[in-house]
Every structure is written in structure tokens, then in C-alpha cells.
There are 2 protein chains.
Amino acid sequence: MRIGELAARAGVSVRSLRYYEEQGLITSTRSAGGQRHYTDGDIERVAFIQRLYAAGLSSRTIAELLPCVESPSEQNSAEAFERLVRERDRISRHVEELVTARAALDRLIDANRAHHGRLAAAR
Amino acid sequence: MRIGELAARAGVSVRSLRYYEEQGLITSTRSAGGQRHYTDGDIERVAFIQRLYAAGLSSRTIAELLPCVESPSEQNSAEAFERLVRERDRISRHVEELVTARAALDRLIDANRAHHGRLAAAR
DNA sequence: CTAAGACCTGACACTGACGTTAGATGCAAG
DNA sequence: CTTGCATCTAACGTCAGTGTCAGGTCTTAG
């Protein structure tokens, strides 16, 4: 499939796909005329990348741990494996931060709830 | 206290404090010469703002829900209250995203662990 | 073959929370 | 009073992911 179809099926913009390739996150074969061609497997790959983006990883970080995705059995991914673990831990810490912040908002909501009966009931 | 002391005690940069004021998140009194003065209460206020930033809220969003912090009893904070609830829910969704991404990383880690005995043992 | 639409590269624009710099002023200690 | 550090305003720099535009090429339907 060409880039427009992949963009539609993966739910990202064409621009983003070209950027991902520029950053070494995805690859493509080229037609004689120079247009990018993709396989069905690329849909899932893009989805995976999106999840990591959503988790706050930078494109550089994602690129560094992709060897672990490609070939989990290679020993050349020792650095990548460490980064994998570090990022997992970073996500865990971030979750704790979010839970803390959410608790703060919950306290605020409670403090305000009495004055907003209808909204409070809607929850 | 002056801005440098607040920055040190709150653990943020002087630049950030001036930016927060510019965005309407904090206020200050001024000396005759124009320098900003703060109270002890501002330390906690800045810490609270930091928590919201860490939770992914923008300065504009924080500014919009500050009325709820200032005066939980005023009815003029109806909009702010709604935003409060929306942001709480957004944080919850974000936590779910992070947990999903972390699970994906955990699966990758498992798939790679066999080939990295020492690192696996360190966990 | 031709028109239309998808695609190409390259480049600039934007957002947001700051960092950094420049040049001027405030303020406390000797 | 002076020295020197803290602070002031104003403005530009940064980073990352993406939007958008320009000007040209590929592909496919008719």
C-alpha cells in the first residue's frame, strides 16, 4: 500500500509517517517512481510507535530500543535492553505523579462539590 | 522573600516564576524598586502548580481552574469546576494509556530477558 | 494521451515552557 | 559611597512533532 492508505489505516498523518521514516522508526520500499510502499505489518508497527509516543518516549529513544522489537535474540541489543527497562521505570514513576496529581484534583473537586449540586450528581 | 529565595525553596527556576506570573498563575507584591516579594504560602502554591504541570495541564488550563483553589465557595467557578472534572478524567485516561504502553514494554522485556541474564537478575 | 489526484522533497511556521543573554537598576555590606 | 550580587524588562533561542505550502513528479481512470 502507499503512504496515504497506511496513514488512513493507522490513523496518523502522512506527514508523521514521513517523519517517522526520517527518524529511523519505520522503513519503506520505493516504487520505480520513488513512492513509498508498505506492508500490512507496518500498520501494527505504527500503532506500537504511537503507544510509545503516548507514553512520552521521544523518537530518538524509540529508535534506540527498536532493536529489541526487531530481533529479541541478538546480543547487540544490550544497550537497548537497558533503555527498555529504564523507560518502563520512567513510565511507572510518571504514573505515580499522575495519580498524585489526580488525588489533588479529587480533593479540590470534593471541596467544590457542595456548591455545584447538579454537576456533582452527574458524576 | 524575593524571587531567588522562592525559586530555591520551591525548587523551580527564577525564569519559571516570572513565567508563571505572566500566565496569571501566581501574583507578587512589588518593592519600591520594582522587585517581586512573596509569602511562605507561595511555596506551596508553586508546588501545586508543578504537580498540575507534571500531570500534563497547560498553563492556560491551570489558570482557568485556579478560581476553584482560591475560593471553593464562589459560584463564579462553575466553568472552572467543569474543567476540573474534565482534567481529572483526562488524567485517568492518560494513566490507562501509560499502563497499556508499560504492558507492551513489559512483554518486550520478557521476550528479551533470556538473552540478558545478569540484567534480568538485577531486577 | 490526458487530467486529476496522490505523492515527492525541501523548507518554513507553530506551540509551550522554559533557557539565555543584554543592558539597566535595586539593594545590602564594608 | 562603592562594590557586587540579585533583580528587572525585553527579546531571541530551543526542542519535538507536526501543519502547511510550493513546485514538481508519479499513477491511474477514462
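Values in this text are rule-based calculations from the coordinates and carry no lab data. Since the model is a prediction, treat every value here as computed from it, not as a measurement. Cβ placement follows ideal geometry from the backbone for every residue including glycine, while neighbour counts extend to all protein chains displayed.
Within the stretch A:19-37, the set of residues being out of contact with any strand residue (DSSP E or B) (no Cβ under 8 Å at 6 or more places or on another chain), more than 6 Å from DNA strand D (Cβ to nearest atom) and free of Cβ contacts under 8 Å to residues at least 24 places away in the same chain comprises A:Glu22, A:Ile26, A:Thr27.
Determine whether A:Ala63 is more than 16 Å from DNA strand C (Cβ to nearest atom) and over 25 Å from B:Val95 (Cβ atoms).
Values: more than 16 Å from DNA strand C (Cβ to nearest atom): yes; over 25 Å from B:Val95 (Cβ atoms): yes.
The answer is yes for A:Ala63.
You will find that of A:Ile91, A:Ile62, A:Ile109, the residue that is more than 7 Å from every other protein chain (Cβ to nearest Cβ) and surrounded by 13 or more Cβ atoms within 10 Å (Cβ to Cβ) is A:Ile62 and no other.
Among the helices (runs of 4 or more DSSP H) confined to the stretch B:8-123, the ones with at least 3 residues that are touching a helix residue (DSSP H, G or I) at 6+ places or on another chain (Cβ under 8 Å) are located at B:14-22, B:41-54, B:59-70, B:78-113. Take the stretch B:16-50 and flag every residue that is among the hydroxyl-bearing types (Ser, Thr, Tyr) and within 22 Å of the chain's Cα centre (by Cα). Selection gives B:Ser16, B:Tyr19, B:Tyr20, B:Thr27, B:Ser28, B:Tyr38, B:Thr39.
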